[in-house]
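Following: one structure in structure tokens, then a few remarks.
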Amino acid sequence: MLGANTSPLRMAQNPLDTIAEENPARFTHPACAFLRDHWEGKRGGRAMPARRDISPAALKDHLGWVMILEVLPGARDFRYRLIGTLVTQYFSQDATGMTVMEAFAPNGEAVAKAVNSVFRKCARDGVVMRTTGNANWLSEGMEEFEAIYLPLSEDGKQVTHILHAFVCDREKMLLARQIAKVHGGKLMAPPPPKVA
């Protein structure tokens, strides 16, 4: 694979603390590193593995973070076919059956298009993608995350599915969602840092 190309995602006119990388050299979270290694092992000498090569049983230790998306015609949008339970807890919704544009529409068109653009890059170019950073552009109080996007193809050329994981600090996220339940579902923003 080629070296990583890094660029900030843009939502509306503001640069975010979210970075997108093409063919990243490494992943920080063990689930993302495992998926990259698993994908590499399954592809063998091919450009990418097929959807049938990916077994949820083989991913069981990380399945809560895993998603599989179907590439729709023209790679203009992507339909969630499988979403792990930890991902649904992070976003406080289950988007199974929805498209990326539908799932992120409540956050505004600019956000939906920016998220969709990473999936499009993965599908159109058949490249591994990584995003990482702060997700406060979704909602105040969202935890920092790391995500991996892995192309899958039946013929080794056209990407038909994307194996995707979206991960964060599990304990911190679950505690924040418990606190949010007490406050009517609203995540609480962390206190500002103290200035000495």
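The values are calculated or read from the model by the stated rules, or taken from the named source; none is laboratory data. Given the structure is predicted, the values throughout are model-derived calculations rather than measurements. Glycine also receives a Cβ, built like all others from the backbone with ideal geometry; neighbour counts cover every protein chain displayed. Side chains are part of the model used for accessible areas, which takes the heavy atoms of the whole protein and leaves out ligands, DNA and RNA. Shrake-Rupley method; radii C 1.70, N 1.55, O 1.52, S 1.80 Å.
If you go through the range 78-87 and keep only what is farther than 16 Å from residue 115 by Cβ and either outside any strand (DSSP E or B) or among the basic types (Lys, Arg) (or both), you end up with 81, 84, 85, 86.
Kindly check whether there is at least one residue in the range 93-109 that is assigned to a strand (DSSP E or B), in contact with a helix residue (DSSP H, G or I) (Cβ under 9 Å, 6 or more places away or on another chain) and either polar (S, T, N, Q) or open to solvent by less than 50 Å² (accessible area, probe 1.4 Å) (or both). Yes - at least one qualifying residue is present in the range 93-109. In the range 46-77, how many are within 20 Å of residue 120 (Cβ to Cβ), of a type in the set (Gly, Ala, Ser) and assigned to a helix (DSSP H, G or I)? Residues flagged as within 20 Å of residue 120 (Cβ to Cβ), of a type in the set (Gly, Ala, Ser) and assigned to a helix (DSSP H, G or I) within the range 46-77 amount to 2. Scanning the range 19-39 for residues that are of a type outside the set (Asp, Glu) and free of Cβ contacts under 8 Å to residues at least 40 places away in the same chain yields 25, 26, 30, 33, 34, 38. If you go through the range 112-128 and keep only what is more than 18 Å from residue 79 (Cβ to Cβ) and either among the polar types (S, T, N, Q) or at pLDDT 95 or above (or both), you end up with 125, 126, 127, 128.
Could you check residue 167 against (1) modelled with pLDDT of 70 or more; (2) over 18 Å from residue 19 (Cβ atoms) and say which number it fails? Unmet for residue 167, out of (1) modelled with pLDDT of 70 or more; (2) over 18 Å from residue 19 (Cβ atoms): (2). Taking the listed residues 69, 152, 138, the one that is surrounded by 17 or more Cβ atoms within 10 Å (Cβ to Cβ) and either of a type in the set (Phe, Trp, Tyr) or modelled with pLDDT under 95 (or both) is 138, with no other qualifying.
The single condition among (1) at pLDDT 95 or above; (2) over 18 Å from residue 90 (Cα atoms) that residue 102 does not satisfy is (2). When the residues of the range 78-90 are narrowed to those that are in contact (Cβ under 8 Å) with a residue 24 or more places away in the chain and surrounded by fewer than 20 Cβ atoms within 10 Å (Cβ to Cβ), which ends up farthest from residue 120 (Cα to Cα)? Among them, the one singled out is 89.
Applying the condition of being of a type in the set (A, V, I, L, M, F, W, C) and outside any strand (DSSP E or B) to the range 15-45 and asking which residue is surrounded by the fewest Cβ atoms within 10 Å (Cβ to Cβ) yields 25.
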